[in-house]
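Novice: Next up is a structure, given as structure tokens.
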Amino acid sequence: MDAAEFRKRGKEMVDYVADYLEKIEKRQVFPDVEPGYLRPLIADCAPQDPESFEDVFKDIEKIIMPGVTHWHSPYFFAYFPAASSFPALLADMLCGGIGCVGFSWAASPACTELETVMLDWLGKMVNLPEEFLAGKDGQGGGVIQGSASEATLIALLAARTKIIRQVQSEKPELTETEIMGRLVAYASDQAHSSVERAALIGAVKIKSIPSDDTFSVCGSALKKVLEEDKAAGLIPFFFCATLGTTSCCSFDKLLELGPICNKENIWMHIDAAYAGSAFICPEFRHLLNGVEFADSFNFNPHKWLLVNFDCSAMWVKKRSDLIGAFKLEPLYLQHHHQESVQWWPLTRALLSGLQHWQIPLGRRFRSLKLWFVLRMYGVKGLQEHIRKHVRLSHQFEHLVLQDERFEICAEVVLGLVCFRLKGSNELNEALLKSINDAKKIHLVPCHLREKFVLRFAICSRTVESSHIKFAWQHISQLATDLLKTWEQNNPQQ
């Protein structure tokens, strides 16, 4: 394919994607295929001779689309939003076209510098304390990770390195292995599984802190566990606070937890993967109060801020904590600009690149997506997007509360409603199965205090009030049908 054909085919693909997104409402939100459907549809081996673009293009609808779950459908209410917008898609095209691998400043100066500025823009939008911003001479700064899971792992590994060095300076007789065996990380019992996975990769113990009646961790619960562990000779070193838990969008109590972590020399990382985008709205910013006590903070613009995956924003108060933990710089990654002493402190830190702020060496030009979206929507446009989703979640909550057969299981704060039929877990499992088997809308469940709960998340950029009404009418009718047969088959319930 030469440039001339690329121009032609590129326009065809843009038209296809635009048509797909404009007409996505007409597609069944969840596919009919069974596991293994795809292999019989394609050859066993790659072709020896080139195939035409037409042959490849026609197989998109034949082979790929039958197996796609349409995350951007207005009938998709599962998990959390997967953000997307036309400006972000255009920026991703440019990112792919430029094709740089921005591991160091010299590898692509714009890639490194734009990312730093965009994370400052974003940090100011959520009113982060000045310490987290890079500015011209700050000690902190932001970086784009691939996911919130990566951000948590990076924070935990940096905290581990920091505490090991501190303990060894105080007790040089202890080996690194001995210290590692005593380290303990903590998170809410409602925290995402990725926190436990980070501890697994980091080879440290992790303990769950019990949440309260609102599914939040409070200071007294953390303090109790810390006292027990310190008395047992363990070394608490890391706490992951969650703002907007996956199950029910609950919020840990930062103003209670932060001072404890600071006093006990514990790195506090804040995982606000979904909820963080809402903090650009002044009316939700109070949910982030206490961030000033944290060492690192993360949220995903690729969930709710119209920037498509992957774009997970992470900030640290002291970038030296990250660079000190991960910096390895062989000769082939160095360049002559690093020898200059005339730069601002931040610029000097960036000259070796953001490679020391992440797990992989290479990185894509992901900040282009933020740059396009923030400029073409503006803060006000993005605020309205968030507010619209929150309004729609409260619309669904109101519909549920009008039906005495159902109950709301957690406070509706942002764009997630946790609800269920009053009755057994088996009844609600059956309801969810009937909803997803019908394939008109798509939901996923969670467990809250042993209760099987249905999650209704407002996800699509194009979702409207009419889709919420349709979803509720559909759920209500399926519940009516289910209860008739359920009462006949389970008279004891």
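The values are calculated or read from the model by the stated rules, or taken from the named source; none is laboratory data. The model shown is predicted, which means the values in this text are computed figures rather than measured ones. As a convention, Cβ positions derive from the backbone with ideal geometry for all residues, glycine included, and neighbour counts pool all protein chains shown. Side chains are part of the model used for accessible areas, which takes the heavy atoms of the whole protein and leaves out ligands, DNA and RNA. Shrake-Rupley method; radii C 1.70, N 1.55, O 1.52, S 1.80 Å.
Novice: Mean Kyte-Doolittle hydropathy of -1.0 or higher plus an axial Cα length of 30 Å or more: which whole DSSP H helices in the chain meet both?
Specialist: Numbers: long enough: 148-170 (33 Å, 0.36); 367-401 (43 Å, -0.03); 465-489 (36 Å, -0.56).
Answer set is 148-170, 367-401, 465-489.
Novice: OK, next. Per residue, how much accessible surface does the chain expose to a 1.4 Å probe? Answer in Å², no decimals.
Specialist: Values: 23170 Å² over 493 residues.
Per residue, the chain has 47 Å² of solvent-accessible surface.
Novice: If you average 1/r across every pair of different Cα atoms in the range 1-154 and take the reciprocal, what Kirkwood value do you get, in Å?
Specialist: Numbers: mean 1/r = 0.0505 Å⁻¹.
Every distinct Cα pair counted, the radius reaches 19.8 Å.
Novice: Roughly how much of LEU483 is accessible, in Å² to the nearest 10, using a 1.4 Å probe?
Specialist: Here the accessible area works out near 30 Å².
Novice: Which value in deg cm²/dmol, rounded to the nearest 500, describes the helix-derived mean residue ellipticity at 222 nm for the chain, given -39,500 (n - 2.57) per DSSP H run of n ≥ 4 and division by the residue count?
Specialist: Working: 15 runs with 211 residues, N = 493.
It comes out at -14000 deg cm²/dmol, rounded to the nearest 500.
Novice: Okay, moving on. Nearest 0.05, what FRET efficiency do ARG7 and ALA203 give at R0 = 41 Å with Cβ-Cβ as r?
Specialist: Numbers: r = 52 Å, r/R0 = 1.26.
Efficiency for this residue pair is about 0.20.
Novice: Considering only protein heavy atoms, with the full assembly of protein chains and a 1.4 angstrom probe, order VAL400, VAL225 by accessible area, largest first.
Specialist: VAL225, VAL400
Novice: If each residue of separation counts as 0.36 nm, what is the full-extension length gain between GLU227 and LYS263 once their alpha-carbon separation is subtracted? Show your work: numbers first, answer last.
Specialist: Details: separation 36, 0.36 × 36 = 12.96 nm, distance 1.27 nm.
Result: 11.7 nm gained on full extension.
Novice: Gap in Å between the Cα centre of the range 388-419 and the Cα centre of the range 1-27?
Specialist: After rounding, the separation between the Cα centres reads 37 Å.
Novice: Pairs of Cα atoms under 8 Å, at least six residues apart: use those to get the relative contact order of the chain, whole percent.
Specialist: Values: 844 pairs, mean separation 107.5, N = 493.
The normalised contact order for the chain reaches 22 percent.
Novice: Which value, in Å² rounded to 10, gives the accessible area of LYS433 with a 1.4 Å probe and all protein chains present?
Specialist: The accessible area of LYS433 comes to roughly 120 Å².
Novice: Starting from the Cα gyration tensor of the chain, multiply each eigenvalue by 5, take the square root, and state the resulting semi-axes largest first in whole Å.
Specialist: Values: eigenvalues 297, 224, 89 Å².
Over the Cα atoms of the chain, the ellipsoid semi-axes are 39, 33, 21 Å.
Novice: I've got another one for you. Ignoring ligands, DNA and RNA, how do TRP315, TRP472 rank by accessible area with a 1.4 Å probe, largest first? Please report the intermediate quantities before stating the final value.
Specialist: Working: TRP315 0, TRP472 25 Å².
Accessible-area ranking of TRP315, TRP472, largest first: TRP472, TRP315.
Novice: Right, another one. How big is the range 360-481 along each principal axis, measuring the range of its Cα positions in Å and listing the largest first?
Specialist: 49, 35, 27
Novice: Please compute the length gained on full extension between LEU255 and ASP212, using 0.36 nm multiplied by the number of residues separating them and subtracting their Cα-Cα distance.
Specialist: Numbers: separation 43, 0.36 × 43 = 15.48 nm, distance 1.55 nm.
Taking 0.36 nm per residue and subtracting the Cα distance, the gain is 13.9 nm.
Novice: May I pose another question? Would you list ARG387, ARG197, ARG165 from the most to the least accessible area, probe 1.4 Å?
Specialist: Numbers: ARG387 70, ARG197 155, ARG165 135 Å².
From most accessible down to least: ARG197, ARG165, ARG387.
Novice: Please quote Rg/Rh for the range 3-82 to two decimal places, taking the Kirkwood radius as Rh and restricting both calculations to Cα atoms.
Specialist: On the way: Rg = 15.3 Å, Rh = 14.9 Å.
When Rh is taken as the Kirkwood radius, the ratio is 1.02.
Novice: Something else about it: Whenever you get a sec, compute what percent of the accessible area on the range 100-364 sits on carbon and sulfur atoms (1.4 Å probe).
Specialist: Working: 5910 of 10650 Å².
It is 56 percent, rounded to a whole number.
Novice: LYS23 label point, 7 Å along Cα→Cβ, cut-off 18 Å on backbone N: hits in the range 60-93?
Specialist: Inside the label zone: 60-75.
Novice: Run the simple label-point estimate for LEU41 and LYS484 please: 7 Å along Cα→C-beta, distance reported in nm.
Specialist: Between LEU41 and LYS484, the simple spin-label model gives 3.6 nm.
Novice: So how far, in whole Å, is the C-alpha centre of the range 88-130 from the one of the range 196-252?
Specialist: Measuring centre to centre over Cα atoms gives 32 Å.
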